[in-house]
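Visitor: Questions regarding the structure given below will be posed in turn.
Every read-out reported here was derived from the displayed coordinates using simple, explicitly stated rules and does not represent laboratory data. Quantities reported herein were computed from a predicted structural model and do not represent experimental measurements. FYI the Cβ positions are ideal-geometry reconstructions off the backbone, even for glycines, and counts take in every protein chain you see.
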Amino acid sequence: MPLFEIRDLVTAFHTTDGRVPAVDGVSLSIDRGRTLGLVGESGCGKSVTAMSILRLVAAPGRIETGSILLDSPAGPVDLVTLPDSDLRRVRGGRIGMIFQEPMTSLNPVFTVGDQIAEAVLLHRACSRGAARARALEMLRLVRLADPEQRLDEYPHQLSGGMRQRVMIAMALACEPDLVVADEPTTALDVTIQAQILDLLGDLRRRLGTAILLITHDLGVVAETCDEVAVMYAGRIVERAPADVLFARPLHPYTIGLLAARPDPDAAGRAPLRTIPGMVPAPQRFPVGCRFHPRCGHARAAATPEGPACEAPAPELLEVEPGHFVRCHYAERLGEPHPAAVEVRFA
Amino acid sequence: MAAVDGFWGQAWRRYRRRPLAMAALLFVVGLAAVAVLAPAIAGTKPVVCRYKGRLYAPCLAYFDRRLEPAIFAKDKFRGSYPRNLAAKDPQSWAIWPLVFQDPYRAVRADEWPGRPENPAMDKGVPSRAHPFGTDQAGVDVFAKMVHGTTVALLVGFVSMGIAGTIGIVVGALGGYCGGWVDALTSRITEIVMCVPTLVLILAIMAIIEKPTIWHTMAIIGFTGWTGIARLTRGEFLRLKGAEYVTAARAAGAGPVRIMLRHILPNALAPILVPITFGIAAAILVESGLSFLGFGSPPPTASWGSILNGARSNLGMWWLVVFPGVAIFLTVLAYNLVGEGLQEATDPRLREARK
Amino acid sequence: MATYLLRRLLLGCVTLVAITVVVYGLARSMPGNPLTAQLGEDPSRKVSAADYERMQRAYGLDRSWPEGYLQWAGNLLRGDLGRSITRKQPVTTLIGERLGPTLLVSGTAFLLIWMLAIPLGLYASARAGTVDERGVSLVLYALYSFPTFVAALLLQIVFSVWSKGTAWELPLFGMTSLPPDAPLAARIVDVARHMILPVVCQTYVSLAYDTRFIRATMAEAVRQDYIRTARAKGAGPWRVLVRHAFRNTLIPLVTLLGLSLPALVGGSIIIEQIFTWPGMGRLFFESIRERDYPTIMGLTLMFSVLTLLGQLLADLLYSAVDPRVSVE
């Protein structure tokens, strides 16, 4: 069994406007020491998936069905049904978490050292001194300058990049098997982003930690991930090894995302491509294939004989070993359809 | 409900969803109705009467003595209507208040045909004739409380109207102008805050030779604006830098126009909250002053002054329980309205709901 | 730090001068003076016009109030708060006598408030949304709106009038009903029994307010991102609540603490008046009624200094509990 597996996860928010399924039947798995990139536009449910893993979804949100399995010596445990006290041992112990906002995710009234040491003390029977020593060791590991001095500083004295290093140190302090990184570089400057990603990749190699990297940035995925899952409107639409996905993207949405990336070689010359339309709000997910209102294929295939994209909802099919696509036209998508991507001038 | 409604429309919809806040608002509306209808609920003057061929509304005298028709003074009614009406004009008729009791004096024996004199002192225990009892002098407590509603409501609105105006003006000037204006207004605010309120009020009440309930309201207003000023200053400081204000300034709007048309409407929601809580506080201060014997002078009917009577006669528990509960419920209602308002207009809470 | 304190001190002095001028002016503008207020109460002490003139001169009441203020301020700079006109005692002695009883009541109330408000506030935060939390919150809300003077009168009726002769009877007013030569233990018990009702009255409103305040600031703190980080680390619910959230609510809480300083020393005029407790609030009330200018001014000065000190204390404490804030 893989180290970590999510099966048919449904997380919904119960608001005054009714039930809003932000995550609607997501399945994915990660092997030991591997990196999975979960990609999608904002609002597609990728962050809610991340929060569901450690049951950190806030009040109106609830995990409704599905299981989140973590391989353990005594067999896999389901984090969805695990008692609170056992879950707490997993949080920070076997699964570490890095959040998007390094500015607000650290407690302003405790020193950096205290916050890392707390993570150690919560999971290991050791003295305060040992925990502090471990915190210092971690700060060195994440290559923070002047670690001895930083240990006793407060978060507001550090820059965004330094704080994210502290977050990484905290998430890795107990040598977890898996790190969930929810947009770890989004809030940072571009140059800092690259440093943080390098650091994550380096630490994964040295510590053998598996990483679930959640991002909207395909460039980040290309550089760091072994495998990629693309999410759209609460569902995974395509999943494949990274090299396969970038070489042979099949789902029209993935193709659109890849085409929408600015090409550094054609700097300023080529027009930017965009996917027409907007990401639907969870209250108004289209029936059938959720991408079809924006999809060129759907429009081109709207003939009386072909299966209409409105219904039924397509299943995630394995089109080649390890490559899954959720599209009625999955078999025919090998050769790109001329109308698959509408090119616009931005 | 219209699809697109303004900020206040949305706030109202959110407010309506809170049952306690709605109940409190209904209570306040009910109090206002009692205040307006007080002379028709309890009194010894007819609501409407026909006397010597003409129609009169003597009950309006409860709002202002000068409204009592002169003819009744000329005919020597001396405030006692039932027998005089019948004796001096057999053709007359009258519609009487629901309860024939006066808030300012005890009803005398046989003033209303067949009704005995009001009991006084310890004998005034609540009974069928006097559900809330009577006070030391035999005045019906229910009538006093019905007429005291006006004072309670007026105190809240008038004094907070004054405090709100001063607070917003001072805070807006300090927050918008900055510099020496801010230094000056901040210092004035601090000084007023440091002077013990009750001392200020007691001293001013002593200086005014014949204090009326209006003086009390004015003083509470003039001493209670500091919190509003500080909040307004903060809001103006925050909004001064907002893009739309810069845009208005770039478009050539003058400072007064910017303050009134652009900043104030956006700052109003947070400022309104302490004003609502201030209404509750003003009612407490007024009844506290009346209780200490420094409030509106007799014969103004104030809930606090009924309590004052109980201090020397603790056995007369009804002089504490009924007005006490009335003050409590009114203060509670205003606090609940304030809190409902806060939750209906707080942008953070709104975002949390999304 | 030193320059900050110096600046605050100078500003405070300006404020103090303004406050004392205002209050002195107001006090002197009140109709009557200490002599008329005193003599009016006691018809046996009729004085002749000449005697009255002489006394007025002796107390400096014949001069205009700005002159009187300057004289008072001059004496103050020499460390002399003056003598009470109606009580024939130095103002400092009077304040000293009244400080103890006030601190006894308000200090006890203060301890009770914070010892109860913090656990209650934390409890309400931990159980947010449950039936028992709503019940507790509703009761606190009602208490917060309940006027102290009504509560005081009701307590007096229940524990003094209706409980007369039972074990529940509590003294109606005053601080002690034993002669000063009674045994110490008996006197302590006696004073404690006299204290119960005033302390209850002074406790409940602030208790309700502070608990709601803690609950509200906790609700704000719990929404922050760092709370999620703490939970992701594996911290348990109490640890998250007490160590991570409550430590952050201390920041607004110390401001509240600093602002409650004047009330702690000044006592409550209404409560001391109802229970005829010989404290500062009652002294203030009486001195205004007696037009005893030196006492009014002494007390005003004390209140104002305490208010300013409380604000300074709040700001200093603020920078102590929030590493992001420094007083510079």
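Visitor: Under unit Cβ charges (Lys, Arg +1; Asp, Glu -1), what dipole magnitude, rounded to 20 debye, does the range B:168-326 have relative to its Cα centre? Show your work: numbers first, answer last.
Guide: Values: 10 positive and 6 negative charges, 66 e Å.
Roughly 320 debye, rounded to the nearest 20.
Visitor: Here's another thing I want to ask about it. How do C:4-15, C:218-229, B:20-31 rank on mean C-beta neighbours within 10 Å, highest first?
Guide: C:218-229, B:20-31, C:4-15
Visitor: Still on this model: Just want the ordering: B:F100, B:F7, from fewest to most Cβ atoms lying within 10 Å of their own Cβ.
Guide: On the way: B:F100 18, B:F7 13.
Sorted ascending by nearby Cβ count, the order is B:F7, B:F100.
Visitor: On to the next question. Can you sort A:T104, A:T81, A:T35, B:T232 from fewest to most other Cβ atoms within 10 Å of each residue's own Cβ?
Guide: Arranged by neighbour count, lowest to highest, A:T104, A:T81, A:T35, B:T232 become A:T81, A:T104, A:T35, B:T232.
Visitor: Dipole magnitude of the range C:99-281 about its Cα centre, charges +1 at Lys/Arg Cβ and -1 at Asp/Glu Cβ only, in debye to the nearest 20?
Guide: Details: 14 positive and 9 negative charges, 185 e Å.
The calculation lands at about 880 debye.
Visitor: For B:K240, which lysines qualify as cross-link partners when the Cα separation must be under 30 Å and same-chain residues fewer than eight apart are set aside?
Guide: Straight-distance partners of B:K240: B:K354.
Visitor: Beyond 28 Å between alpha-carbons counts as too far, so tell me which of B:K52/B:K210; B:K52/B:K123; B:K52/B:K144; B:K123/B:K144 fall in that bin.
Guide: From the list (B:K52/B:K210; B:K52/B:K123; B:K52/B:K144; B:K123/B:K144), the Cα-Cα distance tops 28 Å for B:K52/B:K210; B:K52/B:K123; B:K52/B:K144.
Visitor: Same structure again: Under the rule of -39500 (n - 2.57) per DSSP H run of 4 or more residues, summed and divided by the residues of the protein assembly as shown, what mean residue ellipticity at 222 nm is obtained, to the nearest 500 deg cm²/dmol?
Guide: It lands at -17500 deg cm²/dmol.
Visitor: Return the distance in nm (one decimal) between the two label points of a simple spin-label model at C:S48 and A:A194, each offset 7 Å from Cα along Cα→Cβ.
Guide: 10.6 nm
Visitor: Please find the FRET efficiency linking C:D80 to C:V17, where r is the Cβ-Cβ separation and R0 is fixed at 22 Å, and quote it to the nearest 0.05.
Guide: FRET efficiency, C:D80 to C:V17: 0.80.
Visitor: Could you work out the relative contact order of the range A:8-101? I mean the mean sequence separation of Cα pairs under 8 Å and 6+ apart, divided by the number of residues, in percent.
Guide: About 27 percent, as a whole number.
Visitor: Now a separate question. Calculate the FRET efficiency for C:V242 and A:T81 from the Cβ-Cβ distance with a Förster distance of 30 Å, rounded to the nearest 0.05.
Guide: Here the calculated transfer efficiency is 0.60.
Visitor: Please report the antiparallel percentage of DSSP beta bridges with both residues in chain A, rounded to the nearest 5.
Guide: Antiparallel bridges: around 65 percent, rounded to the nearest 5.
Visitor: A follow-up question, please. Quantify how strongly other chains surround peptide B:196-204 by giving the mean number of their Cβ atoms within 10 Å of each of its Cβ atoms. It would help to have the intermediate numbers written out before the result.
Guide: Details: counts 13, 0, 7, 12, 4, 0, 7, 10, 3.
Mean inter-chain Cβ contacts per residue within 10 Å come to 6.
Visitor: Between C:V139 and B:A87, what is the label-point separation in nm under the 7 Å Cα-to-beta-carbon projection?
Guide: 5.9 nm
Visitor: Check the straight Cα-Cα distances from B:K76 and name the aspartates and glutamates below 16 Å, setting aside those fewer than 8 residues away within the same chain.
Guide: Cross-link targets: B:E68, B:D89, B:E111.
Visitor: Taking every DSSP beta bridge with both residues inside the protein assembly as shown, roughly what % is antiparallel (nearest 5)?
Guide: Bridges in the protein assembly as shown that DSSP calls antiparallel: roughly 65 percent.
Visitor: Between A:R261 and A:L316, 0.36 nm times their residue separation minus their Cα-Cα distance comes to what?
Guide: Contour length minus Cα-Cα distance gives 17.3 nm.
Visitor: Using only Cα atoms, tell me the angle between helix B:7-16 and the longest principal axis of chain B; keep it within 0 to 90° and round to the nearest 10.
Guide: 50 degrees
Visitor: What is the helix-to-structure angle for B:264-292, meaning the angle in degrees between its Cα long axis and the longest Cα principal axis of chain B, kept from 0 to 90 and rounded to the nearest 10?
Guide: Roughly 40 degrees between the two axes.
Visitor: Counting other beta carbons within 10 Å of each Cβ, put B:V155, C:V136 in order, fewest first.
Guide: Starting with the residue having the fewest Cβ neighbours, the order is C:V136, B:V155.
Visitor: Taking 0.36 nm per residue of sequence separation and subtracting the Cα-Cα distance, how much length would be gained by fully extending the chain between C:L5 and C:L264, in nm to one decimal?
Guide: Extra length from C:L5 to C:L264 when fully extended: 90.9 nm.
Visitor: Residues with beta-carbon under 13 Å from that of A:C174, excluding A:C174: net charge, scoring Lys, Arg +1 and Asp, Glu -1? Present the calculation step by step, with values, prior to reporting the outcome.
Guide: Details: positive: A:R88, A:R89, A:R91, A:R94, A:R124, A:R134, C:K233; negative: A:E118, A:E137, A:E175, A:D177.
Once all neighbours under 13 Å are counted, the net charge is +3.
Visitor: How much length is gained if the chain between C:S64 and C:L316 is pulled fully straight, taking 0.36 nm per residue apart and subtracting their Cα-Cα distance, in nm to one decimal?
Guide: Details: separation 252, 0.36 × 252 = 90.72 nm, distance 4.11 nm.
Length gained, C:S64 through C:L316: 86.6 nm.
Visitor: Once you've got the GNM for chain A with C-alpha springs shorter than 10 Å, pick whichever of A:A135, A:A12, A:A194 has the biggest mean-square fluctuation.
Guide: Comparing A:A135, A:A12, A:A194 in the GNM, the peak value goes to A:A194.
Visitor: Give me the one-decimal nm value for the distance between modelled label points at C:F173 and B:K210, 7 Å along each residue's Cα-to-Cβ direction.
Guide: Between C:F173 and B:K210, the label points sit 3.1 nm apart.
Visitor: Provide the net charge surrounding C:T176, with neighbours chosen by a C-beta distance below 10 Å and charges set as Lys +1, Arg +1, Asp -1, Glu -1.
Guide: +1
Visitor: Moving on to the next point. Starting from the Cα of C:K88, draw a straight line to each of the lysines and keep only those under 27 Å, dropping any in the same chain fewer than 8 residues away.
Guide: Cross-link targets: C:K46.
Visitor: Given a Förster radius of 60 Å and the C-beta distance between A:M278 and B:L37 as r, what FRET efficiency does 1/(1 + (r/R0)^6) yield to the nearest 0.05?
Guide: Efficiency for this residue pair is about 0.60.
Visitor: Rounding to the nearest 20 debye, state how big the charge dipole of the protein assembly as shown is about its Cα centre with +1 on each Lys and Arg Cβ and -1 on each Asp and Glu Cβ.
Guide: In debye, rounded to 20, the protein assembly as shown gives about 2620.
Visitor: Hey, another quick one. Quick one: net charge of B:D135's neighbours, Cβ under 15 Å, K/R +1, D/E -1?
Guide: Value of the local net charge: 0.
Visitor: Using the Cα centre of the range C:199-315 as origin and beta-carbon charges of +1 (Lys, Arg) and -1 (Asp, Glu), tell me which of C:P237, C:P294, C:A314 is placed farthest towards the positive end of the dipole.
Guide: Towards the positive end, the residue furthest out is C:P237.
Visitor: Could you work out the relative contact order of the range C:99-281, using alpha carbon pairs under 8 angstrom and six or more residues apart, expressed as a whole percent?
Guide: Computed over the range C:99-281, the figure is 39 percent.
Visitor: Another question about this same structure. Averaging sequence separations of C-alpha pairs under 8 Å and six or more residues apart, then dividing by the length of chain C, give the relative contact order as a whole percent. Kindly include the intermediate steps, with their values, before the conclusion.
Guide: Working: 335 pairs, mean separation 91.6, N = 328.
Once normalised by length, the contact order is 28 percent.
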